[in-house]
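Taking it in order: structure first as structure tokens, then the write-up.
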Amino acid sequence: MANITTTNAAQFIPEIWANRALEIMRNQIVLARLVTKDTDVAAFNTGDVLHIPYPGTFTAQDKAADAPVTLQAPAGGGSVQVALNKHKEVSFLVEDVVRAQTNQDVMDRYVRNAAIALVEAIENDLFALYASLTGSVGTAGTDIGAATIRQARKALNDNKVPFNDRAMVISTKDEIAVLADPELKEYFAFSRSQAVSEANLGRVYGFDIWVSQLVPVVTGTPNTTYNLAFHKEAFILAMRRLPDPPAGTGAKAAAIRDPESGLVLRVLYAYNPNYLGVQVTLDVLYGVAVMRNEFGLQVLS
């Protein structure tokens, strides 16, 4: 591959790389697509803390004739603090920028694995929030079945969780168990055959069932798999961009927010004379938190 000069390096278009990376990331995320997101391309620093409000509930009041309305504050609402303490990056060298930018296959050799690494970091941090949830259903060492999904539905119903925007993310072993469950086997075989061929198994007992290879498993006797059942307001993913590099360093940056997934990605680049190529960094700045504990459940298996 031909080396480039500083003149050729000026042809590096970060938006092309960022858009391609975000497209790959969008297609790889599971849990991140299902939670509440608060994202912006405004510049923040690692360690900054966001205060993000969430809504409460109102009570219908009787209105008496010739009397004023009853003003009230929503009950159960508040705000959650989200520390932007996750700064993940993947860096590499591109020697032939022009060829990479004009050939998607060549670009993907650089971008795909970098994007997947960033996605897995975000997903793992979201999954780790299971440890903060106080509610659980299911039994460690016993695969998920129809009865477990019904238990999760009842638990959320009892917590007055809204029926919309509910999801369950399960492990690959539990996916096989659910597909083979006698109560659900016919449903999956005939009603949702197309969905089963994708990551989303379909909607069962009010949950959109998704599969992830990153569901946490804690080794023990027996091993415990921490699947999740939740409403989107159970968790929050906040993403911001980092500041631009200092002037005069030769480094430049561009950040893009994906309107579909809400992910925010920065591309940082500079010509590296030691390696005669463009040094590229894809990085993300984010924080995760439990927003409403009663809206989420550990689903043990």
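Each reported figure results from applying straightforward, stated rules to the coordinates on display, with no laboratory input. Because the structure is predicted, anything quoted here is derived from the model rather than measured. Cβ: placed from backbone, ideal geometry, glycine included. Neighbour counts: every protein chain shown.
When the helices of the chain are scored as -39500 (n - 2.57) per DSSP H run of n ≥ 4 and the total is divided over every residue, the value at 222 nm lands at -7500 deg cm²/dmol.
Using 0.36 nm per residue and subtracting the Cα-Cα separation, the extra length available between D48 and V98 on full extension is 14.3 nm.
Taking the number of Cβ atoms within 10 Å of each Cβ as an exposure proxy, the fewest-first ranking of V137, V41, V90 is V41, V90, V137. Taking R0 as 45 Å, what FRET efficiency do you get between N272 and A131 from their Cβ-Cβ distance, rounded to the nearest 0.05? Approximately 0.65, to the nearest 0.05. In this structure, N27 and E186 have a Cβ-Cβ separation that, at R0 = 30 Å, corresponds to a calculated FRET efficiency of about 0.50.
The simple Förster model, with R0 at 41 Å and r as the Cβ-Cβ distance, assigns E89 and D165 a FRET efficiency of 0.85. Hey, quick one: spin label on R112, modelled 7 Å out along Cα-Cβ, who in the range 257-271 has an amide N within reach, i.e. under 12 Å? Answer for the range 257-271: none. The shape of the range 88-157 can be summarised by an equivalent ellipsoid whose semi-axes, obtained from the alpha carbon gyration tensor, come to 43, 14, 10 Å from longest to shortest.
Counting other beta carbons within 10 Å of each residue's own, what order do L237, L118 fall into, fewest first?
Ordered by Cβ neighbours within 10 Å, fewest first: L118, L237.
This model, with +1 at the C-beta of Lys and Arg and -1 at the C-beta of Asp and Glu, gives the chain a dipole about its Cα centre of some 100 debye.
Taking a ≥ b ≥ c as the square roots of the eigenvalues of the alpha carbon gyration tensor, the chain is oblate, as a/c is not under 1.5 and a/b does not beat b/c.
Applying 0.36 nm per residue to the separation of A146 and T59 and subtracting their alpha-carbon distance, the gain on full extension is 27.8 nm.
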